[in-house]
Amino acid sequence: MPELPEMEAWRRQLDEPVRAFPIVKAGPAHVATLKTFDPPLRALEGRRFAGARRRAKRLLFPTEDGELVLLVHLMTAGRLRYVRPGEKGPKAPALRLEFEGGAQLVLTEAGSKKRAGVWLLTPEQADTELEHLGPEALGLGADSLAGICARESRRLHSLLRDQHVIAGIGRAWANEILHHARLSPYARTQDLGSQQIEALHEAITAELERGLEFRERGANDKRTYRVHDKLHEPCYVCGTPIARVDFEEHTIYYCPECQTGGRVLKDRRLSRLLR
(Lines give C-alpha, C1' and ligand atoms only; values in the text may rest on other atoms or scores of the structure.)
Protein backbone atom coordinates (compact mmCIF):
# COMPACT_ATOMS: atom_id res chain seq x y z
CA MET A 1 0.00 0.00 0.00
CA PRO A 2 1.38 3.45 -0.85
CA GLU A 3 2.53 5.22 2.31
CA LEU A 4 3.41 8.78 3.23
CA PRO A 5 6.38 9.25 0.83
CA GLU A 6 4.45 7.84 -2.12
CA MET A 7 1.27 9.77 -1.36
CA GLU A 8 3.09 13.05 -0.76
CA ALA A 9 4.98 12.64 -4.04
CA TRP A 10 1.68 12.16 -5.87
CA ARG A 11 0.18 15.15 -4.06
CA ARG A 12 3.00 17.41 -5.17
CA GLN A 13 2.78 16.09 -8.72
CA LEU A 14 -0.98 16.66 -8.95
CA ASP A 15 -1.36 19.91 -6.99
CA GLU A 16 -0.78 22.36 -9.83
CA PRO A 17 -2.36 20.45 -12.77
CA VAL A 18 -5.70 19.72 -11.07
CA ARG A 19 -6.32 23.38 -10.29
CA ALA A 20 -5.62 24.65 -13.81
CA PHE A 21 -9.09 24.14 -15.36
CA PRO A 22 -12.68 23.51 -14.23
CA ILE A 23 -14.17 20.04 -14.39
CA VAL A 24 -16.51 19.54 -17.34
CA LYS A 25 -17.43 15.89 -16.76
CA ALA A 26 -17.30 13.92 -13.51
CA GLY A 27 -17.54 10.20 -14.05
CA PRO A 28 -18.07 7.49 -14.82
CA ALA A 29 -16.98 5.78 -11.60
CA HIS A 30 -16.94 2.07 -10.81
CA VAL A 31 -19.82 1.14 -8.51
CA ALA A 32 -17.39 -0.43 -6.02
CA THR A 33 -15.07 2.57 -6.04
CA LEU A 34 -17.48 5.46 -5.41
CA LYS A 35 -18.48 5.19 -1.75
CA THR A 36 -20.94 8.10 -1.56
CA PHE A 37 -23.98 9.16 -3.56
CA ASP A 38 -25.05 12.44 -1.93
CA PRO A 39 -23.84 14.87 -3.17
CA PRO A 40 -23.66 13.14 -6.55
CA LEU A 41 -20.35 13.03 -8.39
CA ARG A 42 -21.74 15.31 -11.10
CA ALA A 43 -21.86 18.09 -8.47
CA LEU A 44 -18.16 18.59 -9.31
CA GLU A 45 -18.99 19.68 -12.86
CA GLY A 46 -18.31 23.36 -13.43
CA ARG A 47 -16.13 23.63 -10.32
CA ARG A 48 -12.37 23.97 -9.96
CA PHE A 49 -10.18 22.16 -7.49
CA ALA A 50 -8.14 24.32 -5.11
CA GLY A 51 -5.26 21.86 -5.49
CA ALA A 52 -4.27 18.57 -3.92
CA ARG A 53 -3.94 17.93 -0.19
CA ARG A 54 -2.83 14.88 1.78
CA ARG A 55 -3.81 13.41 5.14
CA ALA A 56 -1.91 10.25 6.11
CA LYS A 57 -2.35 7.83 3.16
CA ARG A 58 -5.28 9.71 1.61
CA LEU A 59 -5.43 12.40 -1.04
CA LEU A 60 -7.96 15.20 -0.85
CA PHE A 61 -9.08 17.57 -3.59
CA PRO A 62 -11.10 20.48 -2.16
CA THR A 63 -13.10 22.61 -4.57
CA GLU A 64 -12.14 26.24 -4.98
CA ASP A 65 -15.52 27.40 -3.66
CA GLY A 66 -14.97 25.48 -0.41
CA GLU A 67 -18.18 23.46 -0.75
CA LEU A 68 -16.91 19.96 -1.63
CA VAL A 69 -13.93 17.67 -1.07
CA LEU A 70 -13.05 14.66 -3.21
CA LEU A 71 -11.28 12.14 -0.96
CA VAL A 72 -9.30 9.27 -2.49
CA HIS A 73 -7.87 6.24 -0.70
CA LEU A 74 -5.77 4.14 -3.09
CA MET A 75 -5.49 1.10 -0.79
CA THR A 76 -3.00 -1.44 -2.21
CA ALA A 77 -3.42 -1.38 -5.98
CA GLY A 78 -5.01 1.98 -6.78
CA ARG A 79 -3.08 4.54 -8.81
CA LEU A 80 -4.04 8.13 -9.60
CA ARG A 81 -2.81 9.73 -12.83
CA TYR A 82 -3.17 13.08 -14.54
CA VAL A 83 -3.61 12.53 -18.27
CA ARG A 84 -2.68 15.58 -20.33
CA PRO A 85 -4.70 16.67 -23.39
CA GLY A 86 -4.00 14.37 -26.32
CA GLU A 87 -2.26 11.79 -24.13
CA LYS A 88 -3.67 8.27 -24.23
CA GLY A 89 -5.35 7.22 -21.00
CA PRO A 90 -6.91 3.99 -19.73
CA LYS A 91 -10.10 2.85 -21.46
CA ALA A 92 -12.09 1.93 -18.35
CA PRO A 93 -10.66 3.55 -15.21
CA ALA A 94 -12.31 3.18 -11.82
CA LEU A 95 -12.85 6.96 -11.87
CA ARG A 96 -12.51 9.60 -14.56
CA LEU A 97 -12.72 13.38 -14.19
CA GLU A 98 -12.42 15.42 -17.39
CA PHE A 99 -11.21 19.02 -17.28
CA GLU A 100 -11.87 21.84 -19.69
CA GLY A 101 -9.32 21.53 -22.47
CA GLY A 102 -9.25 17.72 -22.45
CA ALA A 103 -7.01 16.77 -19.53
CA GLN A 104 -8.23 14.01 -17.22
CA LEU A 105 -7.69 12.76 -13.69
CA VAL A 106 -8.06 8.97 -13.71
CA LEU A 107 -8.00 6.34 -11.01
CA THR A 108 -6.97 2.83 -12.01
CA GLU A 109 -6.71 -0.32 -9.96
CA ALA A 110 -4.82 -3.49 -10.84
CA GLY A 111 -6.54 -6.83 -10.33
CA SER A 112 -10.17 -7.79 -10.05
CA LYS A 113 -10.67 -6.71 -6.42
CA LYS A 114 -11.81 -3.09 -6.26
CA ARG A 115 -10.60 -1.84 -2.89
CA ALA A 116 -9.64 1.74 -3.70
CA GLY A 117 -12.27 4.22 -2.60
CA VAL A 118 -13.52 7.65 -3.62
CA TRP A 119 -15.76 9.83 -1.47
CA LEU A 120 -17.37 13.16 -2.41
CA LEU A 121 -17.97 15.01 0.85
CA THR A 122 -18.62 18.37 2.38
CA PRO A 123 -15.62 19.77 4.32
CA GLU A 124 -17.36 18.87 7.58
CA GLN A 125 -17.94 15.30 6.43
CA ALA A 126 -14.31 15.05 5.34
CA ASP A 127 -13.16 16.18 8.78
CA THR A 128 -15.34 13.50 10.37
CA GLU A 129 -14.01 10.86 7.95
CA LEU A 130 -10.42 11.69 8.97
CA GLU A 131 -10.82 12.44 12.67
CA HIS A 132 -9.64 8.97 13.74
CA LEU A 133 -6.16 9.58 12.36
CA GLY A 134 -3.20 10.35 14.61
CA PRO A 135 -0.63 13.11 14.05
CA GLU A 136 1.35 13.08 10.81
CA ALA A 137 4.53 11.01 11.00
CA LEU A 138 6.57 13.59 9.09
CA GLY A 139 6.86 16.59 11.37
CA LEU A 140 6.09 14.66 14.55
CA GLY A 141 8.15 16.21 17.33
CA ALA A 142 10.50 14.21 19.54
CA ASP A 143 8.52 15.13 22.66
CA SER A 144 5.27 14.00 21.04
CA LEU A 145 6.88 10.70 20.06
CA ALA A 146 8.17 10.22 23.61
CA GLY A 147 4.67 10.80 24.94
CA ILE A 148 3.20 8.28 22.51
CA CYS A 149 5.78 5.65 23.49
CA ALA A 150 5.16 6.28 27.20
CA ARG A 151 1.41 5.72 27.01
CA GLU A 152 1.35 2.90 24.44
CA SER A 153 2.43 -0.56 25.53
CA ARG A 154 3.10 -1.95 22.07
CA ARG A 155 5.76 -3.55 19.94
CA LEU A 156 7.43 -0.94 17.76
CA HIS A 157 6.47 -2.29 14.36
CA SER A 158 2.84 -2.48 15.40
CA LEU A 159 2.90 1.04 16.82
CA LEU A 160 4.39 2.61 13.70
CA ARG A 161 1.71 1.01 11.50
CA ASP A 162 -1.23 2.16 13.65
CA GLN A 163 -2.86 5.08 11.83
CA HIS A 164 -4.78 6.02 14.97
CA VAL A 165 -1.49 6.72 16.75
CA ILE A 166 0.89 7.96 14.02
CA ALA A 167 -0.47 8.62 10.53
CA GLY A 168 1.25 7.78 7.27
CA ILE A 169 3.56 4.82 7.97
CA GLY A 170 2.83 1.28 6.83
CA ARG A 171 4.81 -1.95 7.01
CA ALA A 172 7.38 -1.05 4.33
CA TRP A 173 8.52 2.23 5.85
CA ALA A 174 8.27 0.79 9.36
CA ASN A 175 10.90 -1.74 8.23
CA GLU A 176 13.13 1.01 6.86
CA ILE A 177 12.70 3.25 9.92
CA LEU A 178 13.43 0.56 12.51
CA HIS A 179 16.55 -0.57 10.67
CA HIS A 180 17.80 3.02 10.48
CA ALA A 181 17.18 3.40 14.23
CA ARG A 182 18.84 0.02 14.94
CA LEU A 183 15.80 -1.09 16.92
CA SER A 184 14.11 -4.49 17.02
CA PRO A 185 10.63 -4.54 15.48
CA TYR A 186 9.59 -6.50 18.60
CA ALA A 187 10.97 -3.95 21.09
CA ARG A 188 8.30 -2.59 23.41
CA THR A 189 7.61 1.11 23.36
CA GLN A 190 7.68 1.55 27.13
CA ASP A 191 11.09 -0.12 27.36
CA LEU A 192 12.79 2.49 25.16
CA GLY A 193 15.27 4.86 26.76
CA SER A 194 15.59 8.52 25.82
CA GLN A 195 18.45 7.86 23.39
CA GLN A 196 16.46 5.14 21.63
CA ILE A 197 13.43 7.42 21.30
CA GLU A 198 15.65 10.13 19.87
CA ALA A 199 17.09 7.59 17.41
CA LEU A 200 13.58 6.53 16.43
CA HIS A 201 12.51 10.13 15.93
CA GLU A 202 15.55 10.86 13.76
CA ALA A 203 14.94 7.69 11.73
CA ILE A 204 11.27 8.55 11.07
CA THR A 205 12.24 11.94 9.69
CA ALA A 206 15.29 10.77 7.75
CA GLU A 207 13.65 7.74 6.12
CA LEU A 208 10.39 9.43 5.16
CA GLU A 209 12.30 12.36 3.66
CA ARG A 210 14.60 9.94 1.81
CA GLY A 211 11.59 8.05 0.52
CA LEU A 212 9.89 11.23 -0.64
CA GLU A 213 13.03 12.36 -2.46
CA PHE A 214 13.35 9.02 -4.24
CA ARG A 215 9.65 8.86 -5.18
CA GLU A 216 9.74 12.40 -6.58
CA ARG A 217 12.59 11.25 -8.82
CA GLY A 218 10.40 8.38 -10.02
CA ALA A 219 12.42 5.63 -8.30
CA ASN A 220 10.81 2.20 -8.11
CA ASP A 221 10.56 -0.02 -5.01
CA LYS A 222 13.81 -1.83 -5.74
CA ARG A 223 15.81 1.39 -5.77
CA THR A 224 13.92 3.03 -2.91
CA TYR A 225 13.80 0.31 -0.25
CA ARG A 226 17.01 -0.83 1.43
CA VAL A 227 15.52 -3.39 3.84
CA HIS A 228 11.90 -4.02 2.93
CA ASP A 229 11.42 -7.04 0.64
CA LYS A 230 15.21 -7.68 0.61
CA LEU A 231 15.18 -11.19 2.09
CA HIS A 232 18.68 -12.79 2.12
CA GLU A 233 20.26 -9.70 0.53
CA PRO A 234 23.19 -8.20 2.47
CA CYS A 235 22.38 -5.45 4.96
CA TYR A 236 23.65 -2.16 3.54
CA VAL A 237 25.27 -1.36 6.91
CA CYS A 238 26.89 -4.60 8.08
CA GLY A 239 26.47 -7.14 5.27
CA THR A 240 24.40 -9.62 7.32
CA PRO A 241 21.63 -11.24 5.23
CA ILE A 242 18.28 -9.56 5.78
CA ALA A 243 15.81 -11.81 7.62
CA ARG A 244 12.02 -12.02 7.60
CA VAL A 245 9.40 -12.85 10.20
CA ASP A 246 5.60 -12.85 10.26
CA PHE A 247 3.91 -10.76 12.93
CA GLU A 248 0.24 -9.76 13.25
CA GLU A 249 -0.48 -10.88 9.66
CA HIS A 250 2.34 -8.65 8.41
CA THR A 251 5.74 -9.63 7.05
CA ILE A 252 8.64 -7.82 8.73
CA TYR A 253 12.12 -7.49 7.23
CA TYR A 254 15.05 -6.72 9.54
CA CYS A 255 18.79 -7.17 10.05
CA PRO A 256 19.62 -9.64 12.87
CA GLU A 257 22.97 -7.98 13.49
CA CYS A 258 21.97 -4.30 13.43
CA GLN A 259 18.60 -4.65 15.13
CA THR A 260 18.40 -7.74 17.34
CA GLY A 261 21.96 -8.42 18.53
CA GLY A 262 22.39 -11.48 16.34
CA ARG A 263 19.10 -13.11 17.37
CA VAL A 264 16.70 -14.43 14.75
CA LEU A 265 13.11 -13.49 15.62
CA LYS A 266 10.54 -16.25 15.88
CA ASP A 267 7.14 -16.12 14.25
CA ARG A 268 4.69 -14.94 16.89
CA ARG A 269 2.06 -17.30 15.58
CA LEU A 270 4.37 -20.24 16.29
CA SER A 271 6.10 -19.12 19.49
CA ARG A 272 5.53 -16.79 22.40
CA LEU A 273 9.23 -16.68 23.23
CA LEU A 274 9.89 -13.36 21.55
CA ARG A 275 12.18 -10.43 22.15
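The values are calculated or read from the model by the stated rules, or taken from the named source; none is laboratory data. Since we're looking at a predicted model, the values are computed, not measured. Because the Cβ atoms are built from the backbone with ideal geometry, glycine has one as well, and the counts that use them run over all protein chains shown. We work out accessible area using only protein heavy atoms, side chains counted, and drop any ligands, DNA or RNA first. Shrake-Rupley method; radii C 1.70, N 1.55, O 1.52, S 1.80 Å.
A few remarks follow.
- Single residue of region 126-167 satisfying the filter (of a type in the set (Lys, Arg) and part of a helix (DSSP H, G or I)) that is most open to solvent (accessible area, probe 1.4 Å): Arg151
- A search for C-beta distances below 6 Å between a residue of region 139-165 that is under 21 Å from Arg58 (Cα atoms) and any residue that is among the hydroxyl-bearing types (Ser, Thr, Tyr) and outside any loop (DSSP other than H, G, I, E, B), counting only pairs 6+ apart in sequence or on different chains, returns Leu159/Thr189.
- Residue count for region 199-215 under the criterion of being open to solvent by 10 Å² or more (accessible area, probe 1.4 Å) and either touching a Leu at 6+ places or on another chain (Cβ under 9 Å) or polar (S, T, N, Q) (or both): the result is 5.
- Of all residues in region 1-43 being more than 26 Å from Gly102 (Cβ to Cβ) and not hydrophobic (A, V, I, L, M, F, W, C), the one that is nearest to the chain's Cα centre (by Cα): Glu3
- Spans of helices (runs of 4 or more DSSP H) in region 173-275 with at least 3 residues in contact with an Asp or Glu (Cβ under 8 Å, 6 or more places away or on another chain) and modelled with pLDDT of 95 or more: 194-216
- If only residues of region 216-264 that are among the aliphatic types (A, V, I, L, M) and open to solvent by 60 Å² or more (accessible area, probe 1.4 Å) are counted, the one that is nearest to Trp173 (Cα to Cα) is Val237.
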